[in-house]
Amino acid sequence: MSAADVNKASASADFVHGHNEPHGHDDAHDDGIPHASFKDYLIGFLLSVLLTAVPFWLVMGDVLPSKLVTTAVIVAFAVAQMLVHIVYFLHLDTRSQGGWNMLAAIFTVVLVVITIAGSLWVMFHMNENMMPMSPHEMRIAP
């Protein structure tokens, strides 16, 4: 069978299936590679700059009355900035790789949260349950 016969058979098989794409591709031409436009990168960049400048202004201008509130707002901006980077620069969404990338990212975040929370919990309880210092140790402690 010559190469021309193979191409003709392949073309007729594609015609029978109703498309001109090789098997394994859908009509949206999603080959697993994220396709981003300049507009997407520009939006991501502007959001990143905004999400960096606002917390900087909050700290340098001493805008909020409480340090605790300022810290909470900065943490919220940090989480928002991580999401912007994930969506606009890493192109990690529910459409890429059939959603498996997003599932892997969620699993990673859950493991990191469990690890950090468990570590803080253990350190807090170790500090609370340590043996008290003797009077001699208290005298020489700085």
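The values are calculated or read from the model by the stated rules, or taken from the named source; none is laboratory data. Only a predicted model underlies this, so the values are computations on that prediction, with no experimental measurement involved. Heads up, the Cβs are rebuilt from the backbone with ideal geometry, glycines too, and the neighbour counts pull from every protein chain shown.
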Original post:
Is it true that some residue in the range 118-127 is of a type in the set (S, T, N, Q), under 38 Å from the mean Cα position of the chain (by Cα) and either surrounded by fewer than 10 Cβ atoms within 10 Å (Cβ to Cβ) or assigned to a helix (DSSP H, G or I) (or both)?
Top reply: yes
Original post:
Any idea which of GLY24, GLY44, GLY61 is exposed (fewer than 10 other Cβ atoms within 10 Å of the Cβ) and modelled with pLDDT of 90 or more?
Top reply: GLY61
Original post:
Can you pull out the residues in the range 49-67 that are of a type in the set (S, T, N, Q) and part of a loop (DSSP other than H, G, I, E, B)?
Top reply: SER66
Subject >> Count - residues of the range 76-131 that are more than 21 Å from LEU47 (Cα to Cα), of a type in the set (Gly, Ala, Ser) and modelled with pLDDT of 90 or more >> reply: 3
Original post:
Looking only at the range 83-98, which residues are surrounded by 12 or more Cβ atoms within 10 Å (Cβ to Cβ) and not hydroxyl-bearing (Ser, Thr, Tyr)?
Top reply: LEU83, VAL84, HIS85, ILE86, VAL87, PHE89, LEU90, HIS91, LEU92, ASP93, ARG95, GLN97
Original post:
Residue check: is ALA72 closer than 24 Å to LEU92 by Cα and either in contact with an Asp or Glu (Cβ under 6 Å, 6 or more places away or on another chain) or at pLDDT below 95 (or both)?
Top reply: no
